[in-house]
Amino acid sequence: MDTTLRQTLEHKISQKMIQSVNILQMNSQELNDYIKQISLENPFIDVNDEFEYRKNEDAIKISEHNISSFELQNVDYSLSSDENSFENIYVPQEETLCENLLSQLLCGDYTKEEREIFFYIATSLDNNGYFPGGICELMEVFNINYEKAKYCLNIMKSLDPKGVCAENLIECLKLQLDERDNYHIEYEIVSFYLDLLGKNNLRKISELLKADIKSVLKAKNNISKLNPKPSQGFSERSILKYITPDIVIVKFKDHFNIVSNNFNTLNINFDYISTLKDNSFDKTLLNYIDKKLDELETLQNSICMRNNTLLKLSEYILELQKDFFLYGKGNLKPCKMKDAAKSLELSESTICRAVNGKYLQCCHGLFPLGYFFSKSSYKINKNESTTIDNIKSIIKNIIDTENKNKPFSDQKITELLHSRDINISRRTVAQYRDSLSIPDCRIRKLY
């Protein structure tokens, strides 16, 4: 019998490592839910249900040009009356369009059937605030005659915001024009030439209406002030998503503070454990207590590692992107996750897990952590690069300052970017312009 020796290398992943990796990937809300789930299985956890922002002891001081060393500060953000205090802002629950419409009908003298029809219309509106089914749908659903369906639908159309419950965009705009006097040209354009208006073909509209170009231009400006989506400004609770930031960066006059979000912190009830141990001689119970305590220690260590990793990453982002936090969008520096990993002496996969699903809030808004890491960048010169976000800001600034009577074409914008050593193609300029919801030069042109 032949015997052979074979050398193999095995890498075993322990349960503790798996738990640590999973917790690192969780955002604040997911971690909160996970701790609550564990508390149902482990009787020695006390879950604190109060929302709490706890300031890190490290406060990053930053001036216009320099970042100084970290400084220990003790600030109670929620209770301090100091002018630099961090205040929690209460956001009231928003009203839906359906609720708003039905509230306007509360004092009306309507029959039970009519109120049922009103409720049906209000709950059947699409995302724009239109009722596409119209009179025919009401006749079929409620088995009523044309006059009754038209009466109920007209009452709904008379409610605010104007244009609501219209069958389509054209009727929505016409309902708003009905409220205004001397808007004959606007009414004609909306009724018959909306496609030409969308293409900014004002000369063609002028010829068809036999009106001068100034009157058509005035009509265009008036139509642009109408609301094509009456549902705008109202909450859609079915798709409403609340985001809890994992990191908040607070800007003061001469420095920034990093505030970490501690949501349902892990608290161990040692009094309960001591009572059980002092009054029990059952080995099975004592072994159970020790086992659960080991589980809690592992969980606590994993949460601590997650929080420390997030803090280090936040400090790195603040130090690297100081111009962004000082001046806002358009000032991001190119940075990749592998750069952060190298600087923090962590693996790129750890950085990726720490970034995934996490959010950072600052005075400029709420951003996913991934926003601060660019997948690609453009070289301006040998020693300097810029991000796609910065290029978009430059394109927007060029268009905002152009002569609207002779707006820049995509080719001209490309040439202007080349003059700034930003070498991108015309097709890329068009792609970035579209992503900013800016129309091409033909639509932007004023007559």
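The values are calculated or read from the model by the stated rules, or taken from the named source; none is laboratory data. Remember, it's a predicted structure, so these values are computed and weren't measured experimentally. We place every Cβ from the backbone using ideal geometry, glycine too, and count neighbours over all the protein chains shown.
Summary of values
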quantity	calculated
Options 447, 432; residue that is within 30 Å of residue 196 (Cα to Cα), at pLDDT below 90 and in contact with a Lys or Arg (Cβ under 6 Å, 6 or more places away or on another chain)	432
Residue in segment 163-176 that is exposed (fewer than 12 other Cβ atoms within 10 Å of the Cβ) and either in contact (Cβ under 8 Å) with a residue 60 or more places away in the chain or of a type in the set (Asp, Glu) (or both) present	no
Hits in segment 250-285 - residues which are hydroxyl-bearing (Ser, Thr, Tyr), more than 20 Å from residue 320 (Cβ to Cβ) and modelled with pLDDT of 75 or more	274, 275, 284
Candidates 280, 314 - the one that is in the same structural domain as residue 342 (by TED's automatic domain parsing), farther than 16 Å from residue 340 by Cβ and either part of a helix (DSSP H, G or I) or of a type in the set (Ser, Thr, Tyr) (or both)	280
Any hit, segment 188-196, residues being small (Gly, Ala, Ser), more than 26 Å from residue 153 (Cβ to Cβ), in a helix (DSSP H, G or I) and free of Cβ contacts under 8 Å to residues at least 40 places away in the same chain	no
Residue, surrounded by the fewest Cβ atoms within 10 Å (Cβ to Cβ), within segment 118-154, restricted to residues that are over 36 Å from the mean Cα position of the chain (by Cα) and of a type in the set (Val, Ile, Thr)	141
Residue 315 being among the acidic types (Asp, Glu) and over 25 Å from residue 331 (Cα atoms)	no
Hits in segment 216-238 - residues which are assigned to a loop (DSSP other than H, G, I, E, B) and either surrounded by 12 or more Cβ atoms within 10 Å (Cβ to Cβ) or at pLDDT below 85 (or both)	226, 227, 228, 229, 230, 231, 232, 233, 234, 236, 237, 238
Test: residue in segment 268-277 that is assigned to a strand (DSSP E or B), within 29 Å of residue 309 (Cβ to Cβ) and in contact with a helix residue (DSSP H, G or I) (Cβ under 9 Å, 6 or more places away or on another chain)	yes
Test for residue 267: is it among the polar types (S, T, N, Q) and in contact with a Lys or Arg (Cβ under 9 Å, 6 or more places away or on another chain)	no
Looking only at segment 322-331, and only at residues there that are within 21 Å of residue 395 (Cα to Cα) and over 19 Å from the mean Cα position of the chain (by Cα), the one that is surrounded by the most Cβ atoms within 10 Å (Cβ to Cβ)	331
Residue 241, sole failed condition from (1) charged (D, E, K, R); (2) at pLDDT 80 or above; (3) not in a helix (DSSP H, G or I)	(2)
Where a residue in segment 118-131 is touching a residue at least 24 places away in the same chain (Cβ under 8 Å) and more than 11 Å from residue 102 (Cα to Cα) and its partner, wherever it lies, is in a helix (DSSP H, G or I) and of a type in the set (A, V, I, L, M), with Cβ under 8 Å and at least six apart	125/97; 128/169; 129/97; 130/169; 131/121; 131/153; 131/156
Residue check for residue 297: on the phi < 0 side of the Ramachandran plot and either in contact (Cβ under 8 Å) with a residue 40 or more places away in the chain or not charged (D, E, K, R) (or both)	no
Some residue of segment 320-340 being at pLDDT 85 or above and on the phi > 0 side of the Ramachandran plot	no
Sole residue being assigned to a helix (DSSP H, G or I) and more than 24 Å from residue 23 (Cβ to Cβ), chosen from 332, 326	326
Residue 338 vs. criteria touching a helix residue (DSSP H, G or I) at 6+ places or on another chain (Cβ under 8 Å), part of a loop (DSSP other than H, G, I, E, B) and assigned by TED's automatic domain parsing to the domain that holds residue 258	no
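Condition check ((1) outside the structural domain of residue 203 (by TED's automatic domain parsing); (2) closer than 29 Å to residue 217 by Cα; (3) surrounded by 12 or more Cβ atoms within 10 Å (Cβ to Cβ)) across all residues:
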site	(1), (2), (3)
400	yes, yes, no
408	yes, yes, yes
412	yes, yes, yes
420	yes, no, yes
425	yes, no, no
433	yes, yes, yes
440	yes, yes, yes
